[in-house]
Amino acid sequence: MCLKRRLRITLAVSICLLGMIVFAPAASAQRMFGPTIDPLAMPPAGGNVFGFRTTVELAAESSVMYLPVSISIQSQGTVTADRNLVFRFETVPGGQVPSSNGLVVDVPVVLSQGMRKTSLVRFLPKWSLGRSVSVSVLENGKALPGYTGQFSSVLSTNFRSPFSLMSSELEYNVVLIRDLAKVDTPADALFLRAAGTRLTPAELGVDWRSYQRFDVMAMSVATLKQVQQMETVFAAMRAWVLQGGTLVIFDADKFSAAFQLANFSDWPEASADLQLRDALRNFLPNQTIIPGVPYGDQAMEPVLESIASQMMVRQVGAGQMVVVKQDSFLSPAQVLALMKRTAGYRVSPLLRRGVDPLLGNRRFFEWMIPGVAQPPVYTFIGLLTVFVILVGPIAYRRTTKLGRGYLMFAIAPILALLTTVAMFGYGIVADGFGTAARVRQLTWVDGASGDAAERVRGTYFAGIRPGDGLRFAADAEVFPFQEGIGVSWRDSLELSPSVLGTVEMRSDEQRFSSSFLPSRQQRQFITQLPRPGIGFLQLTPAEEGMTSPTVTNGFEFTLRDVVIRDQEGKTWRIQNLSPGQSMPGSPLTARAASKILGQMYNAFVPRAEVREQSDRRSRSRREIYDVLSTINNQVDRSTDMTKGQFESWLQRQMQTLGELPSSHFVATADLSQDVLAVEECEVTASVRYVFGTLR
């Protein structure tokens with residue numbers, strides 16, 4: 001029997017044995033944003049109608065995410081004048097936990113003159129666990145009678161762990177994109193079981209956040225061609241992959257053709273084959289793929305060689321793309337089973353983002369604004385010293401000489417009051433009355449398309465809270481980075497219900513009320529968003545008579561310091577490369593490149609102050625104080641992904657390894673002004689890293 005046939009049979013048997021673990025039953029939902037809570041109709045039957053009826057559908061997701069909501073409005077007649085409506089969504093105290101993370105989210109909707117009906121989909125920030133949300137409709141700032149309702153869902157009574165309400169963080173969530181009109185063959189059955197959700201291309205979303213509940217999206221080359229024809233859907237899918245999603249493509253004729261079809265960067269296949277074999281060795285220890293062939297035996301090498309020759313795994317941005325050839329002996333179901341084995345941290349959206357809005361963690365203190373919201377110790381010591389001198393040697397001695405020592409009963413309190421006022425006033429004036437910001441902008445570029453994904457970590461301090469609040473991009477995910485001050489999950493359940501503030505979800509921006517940035521407190525936010533068509537860095541090989549390649553800046557901003565590693569593994573450096581400018585690269589030895597990369601990273605390395613650990617942590621080791629670390633330990637102990645994929649890649653390549661992958665670059669640049677959540681603020685100790693693949 002030939003090796004290929006034997007591999008197919010034995011792999012099918014071994015994967016079937018894993019079926020109880022790998023495959024989840026198919027979900028009943030056929031909508032892109034998943035199962036929904038029963039639609040809410042307003043006003044209810046028999047209620048007074050104020051010119052229109054509306055239906056609201058909310059995704060039935062319990063975990064932390066941007067929650068999709070669908071709003072449909074049917075006018076009772078022709079609208080004679082514009083009606084400005086606001087759909088208000090409020091977290092229900094006791095219906096979500098922790099209840100201290102309550103939000104009010106407003107969605108403006110205009111029912112234009114002459115319109116009979118309208119509908120829209122918005123994504124609402126959700127920073128707590130649970131599904132209970134109240135809904136009301138306002139017009140001209142007043143609630144319309146009868147236009148209220150509530151999405152209610154019973155919370156799990158098992159609050160000992162947050163994972164009872166966020167199981168998706170530990171599950172392998174696969175969506176299969178296929179034509180549901182296709183007649184299934186017996187060979188399709190196992191594959192269909194492997195996909196938790198099945199959708200047609202027509203059911204895919206046009207917003208990248210609608211894909212965030214999935215870990216893997218699988219489809220054939222033929223289906224990918226259909227999706228490519230749907231411009232907005234294709235762009236959303238690619239943005240999701242660049243932000244950390246995994247795209248699996250089957251039935252490919254050539255690897256390079258599949259990457260070109262998806263419009264992602266491609267580089268020599270030899271390096272990708274090696275990457276796949278390394279992944280199998282790292283993530284499949286002590287596994288027997290073929291009965292009788294133990295892991296590590298030389299007979300395992302032909303198996304690895306066969307898999308690597310017919311399956312390609314390639315990192316694209318923070319995500320990855322997997323391509324399987326037409327003649328592969330691995331069935332689609334077997335590929336997904338293998339992907340589950342190697343998924344690691346990729347099963348968790350929270351780990352991919354690197355932020356937990358529930359409890360936060362002590363990594364909050366790694367990115368503080370220096371010199372603000374801190375007691376001016378030396379100044380206070382100076383004022384107290386002056387107070388002691390005035391009260392003691394000067395006032396007391398002076399009044400005693402004059403024979404009026406009793407005046408000290410008046411002088412001492414007055415001097416104490418003046419000193420206190422001086423200390424208080426200095427504390428306010430020293431920090432100022434404006435807004436300060438410290439921003440870490442990470443832009444991960446795919447060189448083939450010029451598209452990028454971006455993660456922005458911004459810390460803000462306001463002497464007086466800004467009246468206009470904070471503004472973020474309309475298509476961004478925004479999560480607060482909470483201070484981790486030793487509060488456990490159990491402790492958080494005992495906090496009093498409260499509303500953090502109001503978020504207005506406009507078509508062009510997200511506007512957070514000023515309550516999210518209280519006066520004289522540092523607040524931190526993590527933002528992730530797509531950057532389509534941002535630009536590229538092109539490396540042109542050296543022409544005849546030249547010793548260095550030419551580097552062209554295809555971005556619309558200056559790159560301050562650039563380190564490049566070409567396909568041959570040679571490293572080059574360029575400084576102060578203006579938009580559209582081309583310059584020859586300066587060669588670097590491996591040692592020099594490692595030193596420069598380390599310096600570029602360490603100049604703005606997130607570093608926390610030394611702080612005492614809370615004694616609560618030692619009293620109960622079973623308590624959860626850090627959700628990200630807990631998830632990381634459960635899904636992938638071999639990799640620390642608590643900082644998110646963007647930051648982890650930078651730290652590993654620039655600081656730990658001191659070496660870039662082939663056909664990659666890293667550069668520093670000035671911040672883009674559109675990432676500042678407050679328009680007029682003083683930016684300090686900030687950085688922008690631009691990195692990714694070359695064109």
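Think of each Lys and Arg Cβ as +1 and each Asp and Glu Cβ as -1; about the Cα centre, that makes the dipole of the range 537-693 roughly 860 debye.
Add +1 for every Lys or Arg and -1 for every Asp or Glu among the other residues with Cβ under 12 Å from the Cβ of S100, and state the total.
Every neighbour counted, the sum reads -2.
When each of the peptides 581-591, 445-455 is scored by the mean number of other C-beta atoms lying within 10 Å of its residues, the order from highest to lowest reads 445-455, 581-591. Students often get this wrong, so check it: of K570/K595; K225/K325; K340/K570; K325/K570; K254/K643, which have C-alpha atoms separated by over 25 Å? Those over the limit are K340/K570; K325/K570; K254/K643. Label sites at A542 and D179, each approximated as a point 7 angstrom past Cα along Cα to Cβ, lie 5.3 nm apart.
For the range 97-122, backbone nitrogen atoms closer than 12 Å to the point 7 Å from S153 Cα along Cα-to-C-beta are found at 97.
Between N48 and V121, the distance separating the two model label sites (each 7 Å from Cα on the Cα→Cβ line) works out to 3.6 nm.
Just to confirm a number: summing +1 for Lys and Arg and -1 for Asp and Glu over residues other than S513 whose beta-carbon lies under 15 angstrom from that of S513, what do you get?
+1
For the listed peptides 199-211, 107-119, 674-686, a ranking on the average number of other beta carbons within 10 Å per residue, highest first, reads 199-211, 674-686, 107-119. Prolate is the label for the range 40-156, because the ratio a/c of its alpha-carbon gyration tensor axes (a ≥ b ≥ c) is 1.5 or higher and a/b is greater than b/c.
No lab work stands behind these numbers, since they all come straight from the coordinates. What you see is a predicted model; the values in this text were computed from it and never measured. Virtual Cβ from ideal backbone geometry, glycine too; neighbours counted across all protein chains shown.
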